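Data first, discussion second: the structure below is written as structure tokens.
Where a number appears in this text, it was derived from the coordinates with a stated rule and is not lab data. Bear in mind that the values here come from a model prediction, so they are computed numbers and not experimental data. All Cβ positions, even for glycine, are placed from backbone atoms using ideal geometry, and neighbour counts span all protein chains on display.
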Amino acid sequence: MQQEQLLTNAEIAAQYKCSRSFLSHYTRKDIPDPIPVAIWVGNRPKFKLAEVEAWFQARKPIQNCANHTDGSVAARDRRIKQMSRRCHQEGHVRLRKDVKRPYWQGLYRVRSVDRPGGKWKSENLGYKDEITKRQAQRRFQKTISKMGSEIVRTLRAVITVKTYVEDHYIS
């Protein structure tokens with residue numbers, strides 16, 4: 001009788017083109033339907049290829065390694081987007097090389113009531129052969145500071161703790 005070879009995390013990850021962290025997550029005992037582990041050597045799992053292959057076959061191809069079945073990849077992308085800084089942005093300067101004469105371009109976001117995420121705007125700061133990147137950054141900062149001083153901010157209503165409690169808890 002021939003004994004089946006036991007494979008490591010790295011070998012399974014290479015075979016199925018997924019990360020080792022994916023395998024670590026799906027070999028935990030506290031999740032429903034974990035990847036079958038043949039034997040644990042210390043804290044390292046060893047797998048039988050046939051069992052792992054059956055586990056992967058039981059799932060849709062789009063749910064394997066690239067996109068976890070619990071949607072954690074999409075959730076992570078949403079968290080990154082939510083955590084990105086949205087207010088008090090300073091913009092950035094980039095070099096446009098896709099034209100005949102390369103130039104420095106300043107990019108910034110303009111926010112409005114109908115577009116809270118903002119809309120990207122750009123401003124040409126000067127040609128590359130005329131100014132350096134540092135000079136372009138200085139020009140851009142002047143432009144941004146002028147726009148910041150021109151913005152009329154709506155005043156927030158002053159509310160006392162008493163009024164807040166009455167409005168939210170007592171009424």
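Need one number: nm distance between label points at Glu90 and Arg138, each 7 Å from Cα along Cα→Cβ, rounded to one decimal.
Taking the two extended label points, one gets 1.6 nm.
For Lys133, go through the lysines and keep the ones whose alpha-carbon is under 17 Å away, minus same-chain ones fewer than eight residues off.
Straight-distance partners of Lys133: Lys97, Lys142.
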